[in-house]
Amino acid sequence: MRITVTVDGTKYSDEVEPRTLLVHHLRERLGKVGTVVGCDTSNCGACTVHLDGHSVKSCSVLAVQADGCEITTIEGLAREGKLHPVQQAFHDNHALQCGFCTPGMIMQSIDLLADNPDPDEKAVREGLEGNLCRCTGYQNIVRAVRDAAHHMRPGAGPEAERMSSQESASHVGIGGE
Amino acid sequence: MTATIEPEVGKSRRRKEDERLITGRTRWTDNLTLPGMLHLAVLRSPHAHAKIVSVDTSAAKDQAGVVAVYTATDLDPASEVGMPCAWPITPDMKSPRRPMLAATQVNFAGEGVAVVAARTAAEAHDALEYIDVEYEELPVVLGLETALAEDATLVHEELGTNTSAVWVFDSGEAGTGASFAETAGDAEVTLTRRFRQQRLVPAFMEPRACVVDPTGTQLTMWSSTQIPHILKTMAALTLGLPEHKVRVIAPDVGGGFGGKIAVLPEETMALVVAQKLGKPVKWNETRSESLLTAHHGRDQIQDITITAKRDGTVLGLKADLKADMGAYLGLVGPGVPILGAFMFNAIYKFPAYHFACTNVFTNTTLTDAYRGAGRPEATFAIERIMDELAAELGMDPLELREKNWIKHEEFPFTTVCGLTYDSGNYEAATEKAKQLFDYDGLRREQAERRASGDPIQLGIGISTFTEMCGLAPSRVLGSLDYGAGGWEHAAIRVLPTGKVEVVTGASAHGQGHETAWSQIVADQLGVPFEDIEILHGDTQSSHKGMDTYGSRSLVVGGIAVVKAAEKVIAKAKTVAAHLMECAEDDLEFTGGSFGVKGTDKATSIQDIAFAVFSSHNLPDGFEPTLDSEATFDPENFSFPHGTHLCAAEVDTETGRITLRSYVCVDDVGVAVNPLIVEGQVHGGLAQGIAQALFEEAVFDESGTLTTGTFADYLLPSAADLPSFTTDRTETPSTTNPLGAKGVGEAGTIASTPAVVNAVVDALRHFGVTDIEMPMTPMRVWHAIQHGTKAAGDIGSEAGGGLGSIDASGGAQ
């Protein structure tokens, strides 16, 4: 089947097998290897992306179901060299170690903040329940999500990657203290 | 002279590694695609024990996209070579040959029988369906005591036994103390307990993968491995390849926890298949394959006896272990219980100790290192039985510990096992933890709840622990018959522009080496943090190393970096003296510059780097390089310690456990990067708490793994865990120049007994003395009802599977 998807702002038209999962289409056909596969039962959430603005586990969506849709992956978050506030908050709060779950965790966190712009600890923990991390014990991830909430426009959620330059200027850069 | 620069060591630097990881520009092995690359898929045995009567691959070979299908005989002669085991713990250790693919018999469910190479991974997996294998099933042996019974079915008939090895240590015979038997007669109290270390899965988030490219001058293998250097050597030895023709690259590696310390059948198979086909091949496991065939951890029965005086003075400890090796021996699997053998005495100074371990074969996935490897098991046993002893004596468990632990002023202290603990301050860590935890307040509340018969009872769990980090020393590893050294290597390359490349043999998989090593080098050489690049995980650039496990990276690899930096400075000093026309003794090196004492004359290391590069004006005979190499083998282990306190609420009507607070004060010596230390502790706590509450790998009676997916094997999610209160004391190690001690395993080692002690403490007045892990609501409820230990007989259905899911709501 022929499908057309817009991924991180670029339109792709391809023939796919009906059984192809979205995550495999993204990784193997489109080269979007920032989205990773961690399990085969949709439990780990490592493959989470945004499909028309909402988080999905891309291992539980067929590529053909995404026909005509707009997809944002971890690779499409940073704009013009500026990190998304959630990416920045993960860095600032040491919310990752090996980093394998991180793309999915960040994508899920953005969707969580869209639903609840100022979540308390319990809300963050429950909102991330479908994404497994084996390194961090989650504490710094929770801290990062709550920190990011203060750097995002309320309710901006998945759209917050298009943050204003003023907001981004106060919160950029990586690698420094 | 440049201004004084703030030291980097001790700063909570945010990590250099993060940028690629948070933007999705990471190099996982599975991201790699090479021209003409084929994909491998492995057909796995559904039976735990069976003869292979025949394998017919002809139909599979006709499937779309399939290029080749191989069985054990096709991979001959390589298949005759077994997978390596590097730790023959006794001269007569039984070590059955593990082939890359089973030829005549399968010994655990999941063992590989055939491999398909196809154009796509989907085609390779599709073709597995068309391989016809005829099996003749054999009786299955599961469980340590069943396997050791006199008439037990044998996993490997040819060995004539299911016992791989028996390893014994006695402090009396070793001359490190009295013998246990001697002191037992003086005891006023003797307590014996049986503890079970359930089988766990390391469960790194990135599944294992490898890619082999046979088209270059070297066979290049990318692998999601913790041990690229060891893998290179072992793969070469295993397959008879010339070692210099193999290059191993561990690119970004998504976690390990000991689970990626292995030389995999799939890795050696990929090397052979790639060579046969002359094309690059990739193998990437599914999660279900990973749970089934990546090695498991723990799985011990511990029979522990402690003897003491009525005043609480401990006289001796006896540990009798049975350890399940699974169907074969892993790379370091046989030695895992021995890593714990020297830690059962923990922080205590009793005079007598006896340890014995029997390593046993069963028809299960093999076991090997898992975070802490032997030390969590040891710490669990001693910290659990110290609580039982305190209860028996009617003492506060902290007081009992304090009575027996090594006092601050007694360091260095040689233990009953013969180890010398260089430094420690258990008093300071415990006092800080007590304050943060409000120990006395919680004890009062506990008494009130007991008195009022509150259905929610409160328990306080204590774990005061130490561990042995920094493997090497190589001579000690040699005395334990380990098949390699434990040194680590580093090299520093000062580039013409004054920027610095640092090569380390300690290949990281999430621990933040790039950041911590940069901090170390920045301080040593006085160059900016940003001007330092850390190279690791490629045997071409990092040509020597012993890799990352056992909290050894910083205390062995980090010190190698320090030693390499010292050599750079010594070379640069010679050049500086030459350029400034003074004696070397007149120079002092601070903040990246050599200054002439008593003058304002100075030259920076960057200027010297360019002078060396141009070589226009160097001392006669000076070799024009500032590069250096160092290999460090420590004289001793390091011994981080800490005090962990857990408050657990137990609903006596439902068995539900809620972790109300968790406080730990760890002493890891000097913390190079406190932010990274804190992160390591958090992650470790999660894994240790998960052993207490959630995780277990369970086999049914046919040897089928019933926890074969993440739907069944319960990794805790964010919703299952509490927030932790972590703090530190700092007692520097005296045996290395950084004063660092290691932190990677501390949280996992300490937290499991803290949680179990808390839950048992909450229920002790119901007559509960133990609850098997994972402490599911069913097991807890059963213990309350029966007032004794909740034994394993109700547990096998409860563990790991549905029973644990109930528990997941309990620990928020």
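Descriptive notes on the structure:
- Test: residue in the stretch A:1-13 that is exposed (fewer than 15 other Cβ atoms within 10 Å of the Cβ) and aliphatic (A, V, I, L, M): yes
- Flag if B:His616 is farther than 30 Å from B:Pro251 by Cα, part of a loop (DSSP other than H, G, I, E, B) and either touching a helix residue (DSSP H, G or I) at 6+ places or on another chain (Cβ under 6 Å) or not basic (Lys, Arg) (or both): yes
- Looking only at the stretch B:702-724, and only at residues there that are farther than 20 Å from A:Thr41 by Cα and facing chain A (nearest Cβ under 8 Å), the one that is surrounded by the most Cβ atoms within 10 Å (Cβ to Cβ): B:Leu721
- The residues of the stretch B:605-626 that are more than 15 Å from B:Ala577 (Cα to Cα) and open to solvent by less than 40 Å² (accessible area, probe 1.4 Å), listed by number, are B:Ser614, B:Thr625.
- Residue, nearest to the other protein chains (Cβ to nearest Cβ), within the stretch B:50-59, restricted to residues that are over 33 Å from the mean Cα position of the chain (by Cα) and not β-branched (Val, Ile, Thr): B:Ala59
- No other residue among B:His513, B:His509 is within 14 Å of chain A (Cβ to nearest Cβ), farther than 20 Å from B:Ser628 by Cβ and buried (at least 23 other Cβ atoms within 10 Å of the Cβ) apart from B:His509.
- Tally of residues being buried (at least 23 other Cβ atoms within 10 Å of the Cβ) and over 26 Å from B:Asp666 (Cα atoms) across the stretch B:469-491: 3
- So B:Thr104, is it open to solvent by 60 Å² or more (accessible area, probe 1.4 Å) and touching a helix residue (DSSP H, G or I) at 6+ places or on another chain (Cβ under 9 Å): yes
- Number of positions in the stretch B:275-311 that are under 14 Å from B:Ala41 (Cβ atoms), open to solvent by less than 10 Å² (accessible area, probe 1.4 Å) and assigned to a strand (DSSP E or B): 2
- The stretch A:110-131: number of residues that are touching a Gly at 6+ places or on another chain (Cβ under 8 Å) and among the small types (Gly, Ala, Ser): 2
- Which numbered condition B:Ser463 fails, given (1) over 17 Å from the mean Cα position of the chain (by Cα); (2) within 19 Å of B:Glu566 (Cβ to Cβ): (2)
Condition check ((1) outside any loop (DSSP other than H, G, I, E, B); (2) touching a residue at least 12 places away in the same chain (Cβ under 8 Å)) across all residues:
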site: B:Trp222; (1), (2): yes, yes
site: B:Leu231; (1), (2): yes, yes
site: B:Ala236; (1), (2): yes, no
site: B:Leu241; (1), (2): no, yes
site: B:Asp252; (1), (2): no, yes
site: B:Gly256; (1), (2): no, yes
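Residue by residue, here is whether (1) within 14 Å of chain B (Cβ to nearest Cβ); (2) under 23 Å from B:Thr33 (Cα atoms); (3) among the basic types (Lys, Arg) holds:
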| residue | (1), (2), (3) |
| --- | --- |
| A:Val5 | no, yes, no |
| A:Val16 | yes, yes, no |
| A:Arg19 | yes, yes, yes |
| A:Val49 | yes, yes, no |
| A:Gln65 | no, no, no |
| A:His91 | yes, no, no |
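- Residue check, A:Thr41 of a type in the set (Ser, Thr, Tyr), open to solvent by 20 Å² or more (accessible area, probe 1.4 Å) and either more than 14 Å from the chain's Cα centre (by Cα) or facing another protein chain (nearest Cβ under 9 Å) (or both): yes
- Positions within the stretch B:7-49 being among the charged types (D, E, K, R), facing chain A (nearest Cβ under 8 Å), assigned to a loop (DSSP other than H, G, I, E, B) and in contact with a Phe, Trp or Tyr (Cβ under 8 Å, 6 or more places away or on another chain), in sequence order: B:Arg13
- Here A:Glu126 fulfils each of the conditions (1) free of Cβ contacts under 8 Å to residues at least 40 places away in the same chain; (2) facing chain B (nearest Cβ under 7 Å); (3) buried (at least 24 other Cβ atoms within 10 Å of the Cβ) apart from (3).
- Residue in the stretch A:78-88 that is within 26 Å of A:Ser13 (Cα to Cα), within 12 Å of chain B (Cβ to nearest Cβ), of a type in the set (A, V, I, L, M, F, W, C) and part of a strand (DSSP E or B) present: no
- Counted residues, the stretch A:92-123 - those being buried (at least 22 other Cβ atoms within 10 Å of the Cβ) and part of a helix (DSSP H, G or I): 11
- Extreme residue, nearest to the chain's Cα centre (by Cα), among residues of the stretch B:629-682 that are more than 14 Å from chain A (Cβ to nearest Cβ), open to solvent by less than 10 Å² (accessible area, probe 1.4 Å) and of a type in the set (S, T, N, Q): B:Ser638
Results for (1) within 14 Å of chain A (Cβ to nearest Cβ); (2) touching a residue at least 60 places away in the same chain (Cβ under 8 Å); (3) of a type in the set (Asp, Glu); (4) more than 29 Å from B:Leu626 (Cα to Cα), shown as yes or no for each residue.
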{"residue": "B:Leu458", "(1), (2), (3), (4)": "no, yes, no, yes"}
{"residue": "B:Phe465", "(1), (2), (3), (4)": "no, yes, no, yes"}
{"residue": "B:Leu480", "(1), (2), (3), (4)": "no, yes, no, yes"}
{"residue": "B:Thr497", "(1), (2), (3), (4)": "no, yes, no, no"}
{"residue": "B:Thr504", "(1), (2), (3), (4)": "no, no, no, no"}
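- Set side by side, the residues B:Arg199, B:Arg97, B:Arg194 differ, and just one is in contact with an Asp or Glu (Cβ under 7 Å, 6 or more places away or on another chain) and open to solvent by 40 Å² or more (accessible area, probe 1.4 Å), which is B:Arg194.
- If the condition is being without any contact (Cβ under 8 Å) to a residue 60 or more places away in the chain and over 29 Å from B:Thr33 (Cβ atoms), then the stretch B:96-145 contributes B:Arg97, B:Ala102, B:Ala103, B:Thr104, B:Gln105.
- Residue that is open to solvent by 10 Å² or more (accessible area, probe 1.4 Å), of a type outside the set (Lys, Arg), within 14 Å of another protein chain (Cβ to nearest Cβ) and out of contact with any Pro (no Cβ under 6 Å at 6 or more places or on another chain), where the choices are B:Pro242, B:Pro251: B:Pro251
- Within the stretch B:312-349, the set of residues being open to solvent by 10 Å² or more (accessible area, probe 1.4 Å) and either among the hydrophobic types (A, V, I, L, M, F, W, C) or in a helix (DSSP H, G or I) (or both) comprises B:Leu315, B:Leu329, B:Leu331, B:Val332, B:Val336, B:Leu339, B:Phe342.
- Test result for A:Pro18, touching a residue at least 40 places away in the same chain (Cβ under 8 Å) and surrounded by fewer than 18 Cβ atoms within 10 Å (Cβ to Cβ): yes
- Against the numbered list (1) open to solvent by less than 30 Å² (accessible area, probe 1.4 Å); (2) within 14 Å of chain A (Cβ to nearest Cβ); (3) over 20 Å from the mean Cα position of the chain (by Cα), B:Gln691 comes up short only at (3).
The values are calculated or read from the model by the stated rules, or taken from the named source; none is laboratory data. Keep in mind the model is a prediction, meaning the values are calculated, not measured. Neighbour counts are summed over all protein chains in view; Cβ atoms, including those assigned to glycine, are modelled from backbone coordinates with ideal geometry. Accessible surface is based on the protein model in full, side chains and every heavy atom, while ligands, DNA and RNA are left aside. Shrake-Rupley method; radii C 1.70, N 1.55, O 1.52, S 1.80 Å.
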